[in-house]
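The values are calculated or read from the model by the stated rules, or taken from the named source; none is laboratory data. This is a predicted model, so every value here is computed, not measured. Neighbour counts run over all protein chains shown; Cβ positions are idealised from the backbone, glycine included. Remember, those area values only see protein heavy atoms, side chains included, never the ligands or the DNA or RNA. Shrake-Rupley method; radii C 1.70, N 1.55, O 1.52, S 1.80 Å.
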Amino acid sequence: QVQLVESGGGLVQAGGSLRLSCAASGLRFSIATMGWYRQAPGKQRELVATVTSGDSTNYADSVKGRFTISRDNGKSTVYLQMNSLKSDDTAVYSCWSRYGFVDYWGQGTQVTVSS
């Protein structure tokens, strides 16, 4: 059973930084595509960043240059380093995995940026 468990969310002032972590289990992490999505109140869920098994990354235009996604295959963990946070980044951030042509989701962690 695939499980994705996020941590690292919280309250931060605008301009600050946070690092989210997602610990995965129940899959061969090294071959899974991993990523982060977010959903703000009243808005649709949107892609934030993804990283493939080959370490290719993709970012939403709104976070390019501010967020960095990375993975540690030895720890089966994917990270999202978020810098220069803005109030528009306030959302529930969910870890995502595509493994064996199936999508998996974590429960989400709240990130609140105060202006």
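Summary table
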| read-out | value |
| --- | --- |
| Contacts under 6 angstrom Cβ, first residue in segment 74-103 being open to solvent by less than 60 Å² (accessible area, probe 1.4 Å), partner assigned to a helix (DSSP H, G or I) and among the aromatic types (F, W, Y), 6 or more apart | S76/F29 |
| Residue in segment 15-30 that is open to solvent by 30 Å² or more (accessible area, probe 1.4 Å), in contact with a Ser or Thr (Cβ under 6 Å, 6 or more places away or on another chain), of a type in the set (G, A, S) and part of a strand (DSSP E or B) present | yes |
| Check on L47, in a strand (DSSP E or B) and either β-branched (V, I, T) or farther than 22 Å from S115 by Cβ (or both) | yes |
| Residues that are open to solvent by 30 Å² or more (accessible area, probe 1.4 Å), over 16 Å from T77 (Cα atoms) and in a strand (DSSP E or B), drawn from segment 31-44 | Q39 |
| Tally, over segment 87-115, of residues that are within 10 Å of C22 (Cα to Cα), polar (S, T, N, Q) and not in a strand (DSSP E or B) | 0 |
